[in-house]
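Everything below concerns the one structure shown next.
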Amino acid sequence: MTYQTRDSGIDAVGDIAWGTHFCQFYRTKEDLAETLVPYFEAGLRANESCLWVTSERLEADMAEDLMISAMPEFKQYLSSGQMQILPISDWYTPGQVFSADDVLQGWVDKEAASKNRGLSGLRLTGDTFWVERSGWNDFMDYENKVNHAFRRYNLVALCTYCMDKCSAEDVIDVCCHHQFAIARRQGNWELLESSSLKIAKENLHQLNIELESRVDARTVELNNALKARDEFLAMLGHELRNPLAPIRNATEIIRSLTPANSPLSAPTAILDRQVGHMTRLVADLLDVGRITQGQISLDRKVVSLSDVLEQALELSRPLIDQRGHSLSVSLPSRHVKISGDASRLAQVFGNLLHNAAKYTPDGGKVSIGAEVDGDFATVTVRDTGAGIPAEMLGSIFDLFTQLPRSLARSDGGLGIGLTLVKRITEMHGGAVLAHSDGVGTGSTFSVRLRLVERMPSDQSSAAALSVNKSVASRRVVVIDDNHDANQTLAMLLQIAGHDVSSAFDGPEGLELIGALQPEVVVLDIGLPGLDGYEVARRLRADQRTRGAYVIALTGYGQETDVAQAREAGFDAHLLKPARVDDLLRLIASLSRNLLH
């Protein structure tokens, strides 16, 4: 039975649920007409099958005339069989014999037939004027059976009792065997409920009040928790990004000062890539909401698929070696090119390799290979590990989905890795498939990407530094309380040909800017003494310094942080650890109002 409320059509009753079994005490046929006509009209309009069993108090012909007066189209319901009006003898006492079990089964069979016809259920009424005193107890037993049986079906039943034939004891009997009753009092229909029903309704009302109070309190708790989470994530991002900034700056310094054929070139490039991947990992951790909403941005370029796979192998090789796996690699020609974000694609294949290593018992086999078929390349990652249960194959890419911990050893993750794989692949116009024959049989993941024909030349970061040496030298003040980040950034800007001075807190920075009148200020937000926002506001308020080009270089990167920087007067906003190329391009162009 479906638990849906129905319009009873009777104002005193209101909405009722399937399984409702109630009664009406009446005196005249007008009383019956006043309730039963709207009762059945509501049922017909709600696509219910309706059955009216009449007595001599209001016979079938009169019932039909009353329904036609209320519903001019009523004969259509009769001709279609949705509505039936029957005399007592055709339903309750065929052959002059009343069988409680046969009548009850008749209601149930008719409910099933109604649903088979596409109707929602059965609405019925039966008048009890025919019940004799000698059969009263048997009929009350029948009503008791109905009261319990109807709760399981799409049935609504209204039993009508004439007050001229009911004693006070009879009224009590009837009320005991129905969920509630209606009777006329001072000209109005009123609801009569048993004490147990009243108590239940009062308890339900009280429970609703308590539930609403608990929901309100829980909502406040959740909102506070979300606010605390956002504040924590913002601080976490700042604290994680800050140490990455001097590492990246130091890497850029080493690369810019190292000859191309130096033994330091290769490890410097590795260090740079790993800082980049770490930066992306931090960003993904902080932006789970963005990930689920498909708001990851791509830096698309034409790249070599082989180069991307090598980056992915570099990311995952430590774990593969640690587990003692044998690794089989089949890379495509470097002429096989794709259009995409190299770092994001390396993240895709790195995640797949990482999972293969993590979910394969020590000493297993992991392989990655690429095949070209026409305009597409398919990269396949295989392992001999735990495999994927058949029931999980359909949801393995869902956010926060993880294999059972018994299969995953002690290496649980956040359950976002494969979600990222799928989302990033699809953002590149590709597709990813998972296959496994079951637990203990290993897994295969295949990523299909479209190819492009050629790869345009790309300037390296070192080239960018050399190019920027030829631009005009600027007076630059760097303000950052992280001494390593401050000093390495100052060294990079000096290598690029700029005149750089440093300060390590807000008041010292304002004093230095007032004395030097710099063209460019690179300003952290989280500063002691005065924060970066206040420093920017004071620079804009001072006639001597309002023309400076102010760049926010900070670990605070949420939308609210960028908006606050814009309001404070910053010209540009870079998130730590920023690439020096991006900073140098800003300084070279002094492009105003990048935040507007």
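The values are calculated or read from the model by the stated rules, or taken from the named source; none is laboratory data. Small disclaimer: the values here were computed from a predicted structure and weren't measured. Cβ: placed from backbone, ideal geometry, glycine included. Neighbour counts: every protein chain shown. Ligands, DNA and RNA are excluded from the accessible area calculation, which covers all protein heavy atoms including side chains. Shrake-Rupley method; radii C 1.70, N 1.55, O 1.52, S 1.80 Å.
Within the range 526-547, restricting attention to residues that are touching an Asp or Glu at 6+ places or on another chain (Cβ under 6 Å) and outside any helix (DSSP H, G or I), the residue that is nearest to L493 (Cα to Cα) is L527. D15: within 41 Å of the chain's Cα centre (by Cα), free of Cβ contacts under 8 Å to residues at least 12 places away in the same chain and exposed (fewer than 13 other Cβ atoms within 10 Å of the Cβ), yes or no? Yes, satisfied.
Of all residues in the range 284-310, those satisfying the criterion of being open to solvent by 20 Å² or more (accessible area, probe 1.4 Å), at pLDDT below 90 and assigned to a helix (DSSP H, G or I) are L285, L286, V288, G289, R290, T292. With a requirement of 1 or more residues that are open to solvent by 30 Å² or more (accessible area, probe 1.4 Å) and more than 23 Å from E34 (Cβ to Cβ), the helices (runs of 4 or more DSSP H) lying completely within the range 45-140 that satisfy it span 74-80, 88-91, 100-116. Is it true that I551 is within 19 Å of F232 (Cα to Cα) and crowded, with 20+ Cβ neighbours inside 10 Å? So I551 fails the test. Among residues of the range 150-160 being open to solvent by 10 Å² or more (accessible area, probe 1.4 Å) and assigned to a helix (DSSP H, G or I), the one that is nearest to V13 (Cα to Cα) is R151. Scanning the range 122-142 for residues that are small (G, A, S) and modelled with pLDDT of 95 or more yields no hits at all.
Comparison of T545, T560 shows that the only residue that is of a type in the set (S, T, Y), farther than 25 Å from T268 by Cα and free of Cβ contacts under 8 Å to residues at least 24 places away in the same chain is T560. Taking D170 as the residue in question, decide whether it is more than 43 Å from the chain's Cα centre (by Cα) and either modelled with pLDDT of 90 or more or surrounded by fewer than 17 Cβ atoms within 10 Å (Cβ to Cβ) (or both). In short, yes. Apart from one condition, I88 fits all of (1) touching a helix residue (DSSP H, G or I) at 6+ places or on another chain (Cβ under 7 Å); (2) more than 24 Å from W18 (Cβ to Cβ); the exception is (1). Applying the criterion of being crowded, with 22+ Cβ neighbours inside 10 Å and touching a Pro at 6+ places or on another chain (Cβ under 9 Å) to the residues of the range 476-485, the residue that is nearest to P243 (Cα to Cα) is A485. Beta carbons closer than 8 Å, at least 6 apart along the sequence or on distinct chains, pair a first residue in the range 107-130 that is of a type in the set (F, W, Y) with a second that is surrounded by fewer than 17 Cβ atoms within 10 Å (Cβ to Cβ) for F129/E56; F129/K165; W130/T93. N208 satisfies every condition listed in (1) open to solvent by less than 90 Å² (accessible area, probe 1.4 Å); (2) modelled with pLDDT of 90 or more except (2). Among residues of the range 329-354 that are over 12 Å from L420 (Cβ atoms), those with a beta-carbon under 8 Å from a residue that is in a loop (DSSP other than H, G, I, E, B) and open to solvent by less than 40 Å² (accessible area, probe 1.4 Å) at least six positions away or on a different chain give the pairs I338/H428; S339/H428; G340/H428; D341/H428.
Out of A342, A386, A377, A356, one residue alone is modelled with pLDDT of 85 or more, open to solvent by 20 Å² or more (accessible area, probe 1.4 Å), among the hydrophobic types (A, V, I, L, M, F, W, C) and out of contact with any Gly (no Cβ under 6 Å at 6 or more places or on another chain). It is A342.
The residue of the range 510-524 that is nearest to N482 (Cα to Cα), among those that are out of contact with any Gly (no Cβ under 9 Å at 6 or more places or on another chain), of a type in the set (A, V, I, L, M) and outside any helix (DSSP H, G or I), is V522.
Here is a check on your reading of the model: is G547 at pLDDT 85 or above and at positive phi? No; evaluated as a whole, the condition is false for this residue. Every residue in the range 496-509 that is outside any strand (DSSP E or B), farther than 12 Å from D481 by Cα and in contact with a helix residue (DSSP H, G or I) (Cβ under 6 Å, 6 or more places away or on another chain), please. Within the range 496-509, A496 is the sole residue that qualifies. Checked against (1) open to solvent by 40 Å² or more (accessible area, probe 1.4 Å); (2) under 19 Å from A181 (Cβ atoms); (3) touching a residue at least 24 places away in the same chain (Cβ under 8 Å), S8 meets all criteria but (1).
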